[in-house]
Amino acid sequence: MDVFANLLHGFASALTPQYLLLAAIGVTLGTAIGVLPGIGPALTVALLLPLTYNFDPTGALIMFAGIYYGGMYGGSTTSILLNTPGESASVATTFEGFAMAKSGRGGAALATAAVGSFVAGTISTVLLTFVAPIIARIALLFQPADYFSLTVLAFMSVTALVGKSLLRGMVSLFIGLFIGLIGIDVLTGQPRLTFGLPELLDGIDVVVVAVGLFAVGEALYVASEMRHTKEEILPVNTSIWMNREEWRRSWPAWLRGTLLGFPFGALPAGGAEIPTFLSYTTEKRLSKNKEEWGQGAIEGVAGPEAANNAAFSGVLVPLLTLGLPTSATAAILLVAFQIYNLQPGPLLFQKSPELVWALIASLYIGNVMLLILNLPLIRIWIKILAIPRSLLYTGILVFGTLGVYSISNSFMDVMIMYAIGVLGFFMRRYGFPVGPTILGVILLPMAEAQFRRALSISQGDPSVFFTRPLSLGLLLAAAGAVLLPYIPVLIARLRRKPVDAGRVIFGEGQED
């Protein structure tokens, strides 16, 4: 009964004109951003962070959440019409979506993506409503050693499961940890890695790091890869709707995609990429029309898009209850919480219940808004693709520069942002994932504080991390995440197929 009462209070807040407007701005902006290839919700939220310092926390987080799941919706447009996913989670949609568009069925592909996203988003939000409070109560049992082990699990799982090699993921993580160490040690008062620069005594603001990695790095990378040939956009000449047969084949795929997307989104480093590919594989295996696969099977669009959007609600479970981001965008949302002196975790449900339940209620409202936006206005979103890339990314650089300068009116912050942006460019160029870097910067203070607190309680005995069952279980899960990439090697050996283990560790021979 408490859940229903809290949710009703959340709706009472979320339905106020101010929050409705911010939710509408968020989902509209998110959809538009999702349509543009390479510009995802993480980049957009990072750009807007400096401009929302004086916002009401609830309103700002409602808008950021709208940008996040609006971006998930919008990514399907370029996947279907341009064969270019706006987000990595939309890659699986390209396989059948673009084939449907080429055969003149682009309208049906866009419709099943939009309706499937609405169905999956609504069901997964219901699951979030009832699962999150339970996990928050369980998380109240966590001790400092357990929290440190949880951060280790986040570090290892994101490092091992994101990117093309374990070594590159580890390098990316340690870059983030290095940046996070810069500043004054809060325990001893000694400067760390400041290189004699007084501007670094307070450390590097996470917003500066986020804008540098996502905005500047992406803009430089796109500029280096820009081609003079114009991309072909397939027009939508048919009705934006589905016939009876396409409805019949879509709804089971929507439900299966939802059931795959939500739990994977809630796992450390689960994100939306894994469940979308799993959904595609599952639908292909269960399909009675196998001859259509590769030629435009509608289930190959319905399932992955449902999994994609269900994963978003799953991502919010560990973020709100444990303070643990499981994707790059969730990491930026964690920064947004910290800007307003809010720490996601089990106490958030006790200290700021109005904010939490208004945010959850806004997800229900935002899903309806997105359905209304995506079906009638799809042709408007398509026109956004005509914006020249040079103008678009120049605007991003200008916007990012002004935003970072406005934080503290510091020219040094701008220089640091561009230095990190150049680093982000080279990371993208040579296949190093940026997710572990931003996660290292954000979670290092928590990991360091909980590590020291645990040792202080145990009077310096490091066995405290292994004697507590919960802490030990989390560390074993972290070890399992590191070993996971080696499983294909072991399977291949069992099948007597030679596989070079160096490819798993170093990423050799793989495309960058």
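Computed packing ranks the peptides 456-465, 396-405, 110-119 as 110-119, 396-405, 456-465, most packed first, by mean other Cβ atoms within 10 Å. All distinct Cα pairs of region 251-350 go into the 1/r average, and the inverse of that average, the Kirkwood radius, is 14.2 Å. Surface exposure of region 327-450, expressed per residue as accessible area with a 1.4 Å probe, stands at 41 Å².
The peptide list 55-64, 191-200, 309-318, 98-107, put in order of mean Cβ contacts within 10 Å with the highest first, becomes 309-318, 55-64, 98-107, 191-200. Each of MET412 and GLU225 was given a label point 7 Å from its Cα along the Cα-to-Cβ line. The distance between the two points is 3.5 nm.
Considering every alpha-carbon pair of region 1-65, the percent of pairs per 5 Å bin, from zero through the bin containing the longest distance, is 3, 17, 22, 21, 15, 11, 7, 3, 0.
Our coupling estimate for region 192-201, obtained by passing each phi through the Karplus curve with A = 6.51, B = -1.76, C = 1.60 and θ = phi - 60°, is 10, 6, 8, 6, x, 8, x, 5, 9, 4 Hz, Gly and Pro reported as x. Of the residues LYS351, LYS290, ranked by 1.4 Å probe accessible area with the largest first, the sequence reads LYS351, LYS290. Under the criterion of Cα pairs below 8 Å and six or more residues apart, the relative contact order for region 16-78 equals 57 percent. Peptides 327-333, 359-365, 68-74, ordered by how many other C-beta atoms sit within 10 Å of their residues on average, highest first, read 68-74, 327-333, 359-365. If R0 is 51 Å, the Cβ-Cβ spacing of ASP461 and ALA5 corresponds to a FRET efficiency of close to 0.70. Scanning residues 5 or more positions from ARG192 or on other chains, those with amide H under 5 Å from its amide H are GLY183, ILE184, ASP185, with H placed 1.01 Å from N in the peptide plane.
Computed from backbone phi, the HN-Hα couplings of region 250-256 come to 8, 5, x, 5, 4, 5, 5 Hz, rounded to whole numbers (Karplus: 6.51 cos²θ - 1.76 cosθ + 1.60, θ = phi - 60°; Gly and Pro given as x).
The values are calculated or read from the model by the stated rules, or taken from the named source; none is laboratory data. Given the structure is predicted, the values throughout are model-derived calculations rather than measurements. Neighbour counts run over all protein chains shown; Cβ positions are idealised from the backbone, glycine included. For the accessible areas, the whole protein counts, side chains as well, though only heavy atoms, and no ligand, DNA or RNA atoms are used. Shrake-Rupley method; radii C 1.70, N 1.55, O 1.52, S 1.80 Å.
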